[in-house]
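Student: Pasting a structure here, questions to come.
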Amino acid sequence: MSAVQRIRNLGIVAHINAGKTTLSERMLFVTGRVRFMGEVDHGTAAMDYLPEEQRRGISIRAACTTLRWRDCVLNLVDTPGHIDFGAEVERTLRVLDGAVLVLDGVRGVESQTEAVWHQARTHRVPVLAFVNKLDRAVADWTRVLQSMRARMQVEVLPAVVPLLGPEGITGLIDVVSGTRTQWIEGGEVAADPRQARAALVEAAADVDASILEDFVHEREVDALRLRAALRAKVAAGQAVLVFAGSALRNRGVAELLDGIVAFLPSPLDAPAVSGLGGEVRAPSEHEPLCAFVFGSVPDGQEELAVARIYSGALVPGALLQASARAEPLRVLAMWRLHAEDREAVARAGPGDILALGGEIGVLPPGTTLFAPGHPIALAPTRLPTPVLSVVLEPRHLADRERLEAAVRRLVRADPALEVRHDPERDVLVLTGMGELHLEVAGERLRAAVGDCFRVGRPEVARRETVLRSAMGAGEWRVPELRARVAVGLRIVPDPGSGPARVRPGAGVAGPGSADLACAVSLCSSLQGRLSIGLRSGWPAHDLEVEIVSLEVEADPGVDLMPLCVEAADVALRRALVDADPRLLEPRVRLQVVCPHDALSPVLGDLRGKGVDISGVDLDGDVARVAGTAPLARMLGYATRLRSLTRGLGSFRMEPAGYAPAEGGEV
């Protein structure tokens, strides 16, 4: 078996508080990576090393480590579970070959469980599941499996059968091999192991003709062939194998590690990557280098780029090129990560995940690295649009430059953040995925520059558009100079197409146009104007502005641009009179999970917020409510839901596009 075949690149994904980081900590301990088991609640978890993570007891950034189990190397990434940091999960799954989905043995499939499951499916990442917290007496193995089958719409196959007693899990039976592990005496099997094995054999028969023949003739299938067939089925995304245990009690963790080695693919099992130009790179050291920067880790006041190597070999001192960068970059050093610690690496190849510093460290996530002379650009990760904004205002003029530099570093490290300058208020506007995301961003800024700025109240990130196409003409005169500009506003037929675009029309860009250079410069000026809105100060979207005609009268050598900009501004204002400009506000798809006895007050509260409820699903003592709502009405909902459900409710929101705001005329 080659070194690349022994690599497993996997992420741990889950709903918040399902025990994902606790499971990662136990994996570190079982594999000998650490000597003591860290605890999330005590702020001692190795994978939650950032101060803001330790204060809150949740994961905020994806954290990498490398483990060794059996004869394999496991590059493990512990991802956040909170919805505000879903972009971290998205860009991490983008580069992984497998994932472990952790489920709460009491609560089963929760709102964010479905979200990360769909993210894994989108990126075609094979998944194993681990039903956690089976040490609790109220945990229900059978009910969790039923909820997985109902809500995940995939073949769910138990790889183990737990032994359950009055105080939870006491042991496990490996369904493939039949071996039994017992941690404490007692406990009854949660299901018939023979039926569970028959289900595995039947599933494996779909991908292995010899197993199908044995199944038809009721012959025994050996464990080696069964594992190989199930691995192929998992890799194809046709099934999820389910493991069980209690991460807190360190039960079932070793069995899960065995399952990762046996059933998740190596980099050689993944398809070759393709560039935007059709270039292909296979996972071989003999191919030209191709790597993808998908994240970053803090390194003092700067950041290190975290990259996955897809092909080729990398050594310190090598020269690389990066997409969107003309000059070559030198690899000064490479490190393998263990949360906040790192160890130097002398050579890396396909499948390795590394941190890179120097000039490469400042490259933003989404950058492709390649060997000089062998260009390739991998598709960037598509992240959801940030929807909530805060104003950042320096307390003193002398603090402005330092604050702006820190914000630029923050946005470069976290692509889920955006920043723009509001010229009317002369402030920075930082936009993120939610209240917690912006709160954490503010803390990071204060850690970098101190308390030299004020943060405004969160407000939803609106947009501006027009409901009708229109034309307008404007003229601007000064002594001996005149500019006349006509513009057309056109609705883009595809809502959600993106920021407004400006283009010169055929009349000013066609053959023989004398004012083409002026028209191109004017387009650039108007593009900047549209980025701060038509009237409201919010960016313009879903429309196109065409410079229909441009006439200027002036002596040679006179700078005409200020004149043309003023005339175009008049033309734009006149066109807006007939275009019916409107504010758009973000809407969200909402799923609320609550105890059945709290459903009535939860529904009443949601209707009071103007939520369009599309369905209510009752599942035992749990109720799920689905609907859509303006994001602005859901600010602060986490606190309200905790109050209504005695802390037992949870919810998930995901972007559902933009719609005209109520009373949104501008």
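Student: Please report the relative contact order for the stretch 324-430, taking Cα pairs under 8 Å with a sequence separation of at least 6, and give it as a percent rounded to a whole number.
Tutor: Relative contact order, the stretch 324-430: 21 percent.
Student: Using the Cα atoms of the stretch 288-437, I'd like the radius of gyration and the largest Cα-Cα distance, Dmax, both in angstrom.
Tutor: 17.3, 52
Student: Moving to a separate point now. Find which of 58, 137, 101 sits farthest along the positive direction of the dipole of the stretch 1-139, computed with +1 on the beta-carbon of Lys and Arg, -1 on that of Asp and Glu, about the Cα centre.
Tutor: Towards the positive end, the residue furthest out is 101.
Student: Taking a ≥ b ≥ c as the square roots of the eigenvalues of the Cα gyration tensor of the stretch 202-317, is the shape rounded (a/c under 1.5), prolate (a/b larger than b/c) or oblate?
Tutor: In terms of gyration-tensor shape, oblate.
Student: To the nearest 0.05, how large is the calculated FRET efficiency for residue 405 and residue 167 if R₀ is 51 Å and r is the Cβ-Cβ distance?
Tutor: Efficiency, from the Cβ-Cβ distance: 0.40.
Student: Further question: On the accessible surface of the stretch 96-195, probed at 1.4 Å, how many percent belong to carbon and sulfur atoms? Intermediate results must be reported in sequence, preceding the final value.
Tutor: On the way: 1910 of 4040 Å².
Carbon and sulfur together cover 47 percent of it.
Student: While we're looking at this one, here's another question. Which translational diffusion coefficient, to the nearest whole µm²/s, is obtained for the stretch 119-167 from the Stokes-Einstein equation, given a Kirkwood hydrodynamic radius over C-alpha pairs, 10 °C and 1.306 mPa s?
Tutor: My calculation gives 127 µm²/s for D.
Student: Can you tell me the dipole magnitude for the chain around its Cα centre, using point charges on the Cβ only (Lys, Arg +1; Asp, Glu -1), in Debye to the nearest 20?
Tutor: Computed about the Cα centre, the dipole is about 460 debye.
Student: When every alpha-carbon pair in the stretch 1-144 is counted, what percent end up more than 24 Å apart? All intermediate terms of the calculation are to be shown ahead of the outcome.
Tutor: On the way: 2976 of 10296 pairs.
Taking all Cα-Cα pairs of the stretch 1-144, the fraction more than 24 Å apart is 29 percent.
Student: What fraction, in whole percent, of alpha-carbon pairs in the stretch 505-655 exceed 22 Å separation?
Tutor: Looking at the stretch 505-655, the distances longer than 22 Å represent 59 percent of pairs.
Student: Please list the non-local residues whose amide H lies under 5 Å from the amide H of residue 542, H modeled 1.01 Å from N, same-chain partners needing a gap of 5 or more.
Tutor: For residue 542, whose amide H was placed from the backbone, the distant partners under 5 Å are 497, 498, 500.
Student: Just how large is the dipole of the stretch 259-409 about the Cα centre, in debye to the nearest 20, putting +1 at every Lys and Arg Cβ and -1 at every Asp and Glu Cβ?
Tutor: For the stretch 259-409, the charge dipole is close to 200 debye.
Student: List the lysines whose alpha-carbon lies under 22 Å from that of residue 133, not counting same-chain residues fewer than 8 positions away?
Tutor: 20
Student: Also, quick follow-up: What residues have an amide H closer than 5 Å to that of residue 584, excluding those fewer than 5 places away on the same chain, when H is modeled at 1.01 Å from N in the peptide plane?
Tutor: 463, 464, 465, 661
Student: Compute the acute angle (0 to 90°) between the alpha-carbon long axis of helix 111-122 and the principal axis of greatest extent of the alpha-carbon atoms of the chain; round to the nearest 10°.
Tutor: On a 0 to 90 degree scale, this one is about 80.
Student: Tell me, in nm to one decimal, what length is gained between residue 654 and residue 468 on full extension, where the rule is 0.36 nm per residue of separation less the Cα-Cα distance?
Tutor: Values: separation 186, 0.36 × 186 = 66.96 nm, distance 2.91 nm.
My answer for the length gained is 64.0 nm.
Student: Provide the three semi-axes, in whole Å and in decreasing order, of the ellipsoid equivalent to the stretch 197-244 as defined by the square roots of 5 times the Cα gyration tensor eigenvalues.
Tutor: Numbers: eigenvalues 61, 26, 16 Å².
So the three semi-axes of the stretch 197-244 are 18, 11, 9 Å.
Student: For the stretch 171-322, what is the relative contact order in percent, using Cα pairs closer than 8 Å and at least 6 residues apart in sequence?
Tutor: In percent, rounded to a whole number, it is 13.
Student: Right, something else. Where the eigenvalues come from the Cα gyration tensor of the chain, what are the semi-axes √(5λ) of the equivalent ellipsoid, largest first, in whole Å? All intermediate terms of the calculation are to be shown ahead of the outcome.
Tutor: Details: eigenvalues 508, 182, 116 Å².
With the √(5λ) rule applied to the chain, the semi-axes are 50, 30, 24 Å.
Student: What's the angle, to the nearest 10 degrees (0 to 90), between helix 516-531's Cα axis and the longest principal axis of the chain?
Tutor: The helix 516-531 is inclined about 50 degrees to the chain.
Student: While we're looking at this one, here's another question. Quick one: Debye curve from the C-alpha atoms of the stretch 153-245, no solvent, what's log10 I(q)/I(0) at q = 0.14, 0.21 Å⁻¹?
Tutor: For the stretch 153-245, the Cα-only Debye profile gives -0.52, -0.98.
Student: How large is log10 I(q)/I(0) at q = 0.13, 0.16 Å⁻¹ when the Debye formula is applied to the Cα atoms of the stretch 384-525, each weighted equally and without solvent?
Tutor: -0.79, -0.93
Student: Just the Cα atoms of the stretch 34-115: what Rg and Dmax do they give in Å?
Tutor: Answer for the stretch 34-115, Rg first and Dmax second: 13.7, 37 Å.
Student: Suppose R0 equals 25 Å; then what is the FRET efficiency for residue 215 and residue 269 from their Cβ-Cβ distance, rounded to the nearest 0.05?
Tutor: Once rounded, the FRET efficiency stands at 0.50.
Student: Out of all DSSP beta bridges with both ends in the stretch 50-166, state the antiparallel percent to the nearest 5.
Tutor: For the stretch 50-166, the DSSP antiparallel bridge percentage is about 55.
Student: How large is log10 of I(q)/I(0) for the stretch 327-379 at q = 0.13 Å⁻¹ when the intensity is taken from the Debye formula with one equal scatterer per alpha-carbon?
Tutor: So the normalised log intensities work out to -0.36.
Student: Tell me which trypsin sites (Lys or Arg not before Pro) from the stretch 399-470 have a DSSP coil assignment and no more than 14 other beta carbons within 10 Å of their own.
Tutor: Those that pass, being in a loop and sparsely packed, are 425, 468.
Student: What is the sum of charges around residue 13, taking Lys and Arg as +1, Asp and Glu as -1, for the other residues whose C-beta is under 11 Å from the C-beta of residue 13? Before the final figure, lay out each step's value.
Tutor: Details: positive: 20; negative: 78, 88, 90.
Overall, the nearby charge balance is -2.
Student: Given the stretch 71-228, what whole percent of its Cα pairs are spread farther than 22 Å?
Tutor: 52 percent
Student: Take 646, 225 and sort them by solvent-accessible surface of the protein heavy atoms, 1.4 Å probe, largest at the top.
Tutor: Details: 646 155, 225 70 Å².
From most exposed to least exposed: 646, 225.
Student: While we're looking at this one, here's another question. Let me know the shape class of the stretch 415-465, please: from the alpha-carbon gyration tensor, a ≥ b ≥ c as square roots of the eigenvalues, rounded when a/c is under 1.5, otherwise prolate if a/b is greater than b/c, or oblate.
Tutor: oblate
Student: Per residue, how much accessible area does the chain show when a 1.4 Å probe rolls over the protein heavy atoms, in square angstrom? Numbers along the way, then the final one.
Tutor: Values: 28540 Å² over 666 residues.
In whole numbers, the chain has 43 Å² accessible per residue.
Student: Mind pulling the angle between the C-alpha long axis of helix 20-30 and the longest principal axis of the chain? Nearest 10 degrees, somewhere in 0 to 90.
Tutor: Result, in degrees: 50.
Student: Another one. Using amide H atoms built 1.01 Å from N in the peptide plane, name the residues 5+ places from residue 165, or on other chains, whose amide H lies under 5 Å from its own.
Tutor: Correct list: 170, 188.
Student: Bin all alpha-carbon pair distances of the stretch 114-204 at 5 Å intervals from 0 and give each bin's fraction as a whole percent.
Tutor: Whole-percent P(r) values from 0 Å outward: 3, 12, 21, 23, 19, 13, 7, 2, 0.
Student: Over the chain, what is the relative contact order in whole percent, taking alpha-carbon pairs under 8 Å and six or more residues apart?
Tutor: This gives 10 percent for the chain.
Student: Give the shape of the stretch 527-609 as rounded, prolate or oblate, defined through the alpha-carbon gyration tensor: a ≥ b ≥ c are the square roots of its eigenvalues, a/c under 1.5 means rounded, and otherwise the shape is prolate if a/b is larger than b/c and oblate if not.
Tutor: Judged from the Cα gyration tensor, the stretch 527-609 comes out prolate (a/c at least 1.5, a/b above b/c).
The values are calculated or read from the model by the stated rules, or taken from the named source; none is laboratory data. The structure presented is a predicted model; accordingly, all values stated were derived computationally and were not measured. A quick note on method: Cβ atoms are made from the backbone with ideal geometry, for glycine too, and the neighbour counts reach across all protein chains shown. Accessible surface is based on the protein model in full, side chains and every heavy atom, while ligands, DNA and RNA are left aside. Shrake-Rupley method; radii C 1.70, N 1.55, O 1.52, S 1.80 Å.
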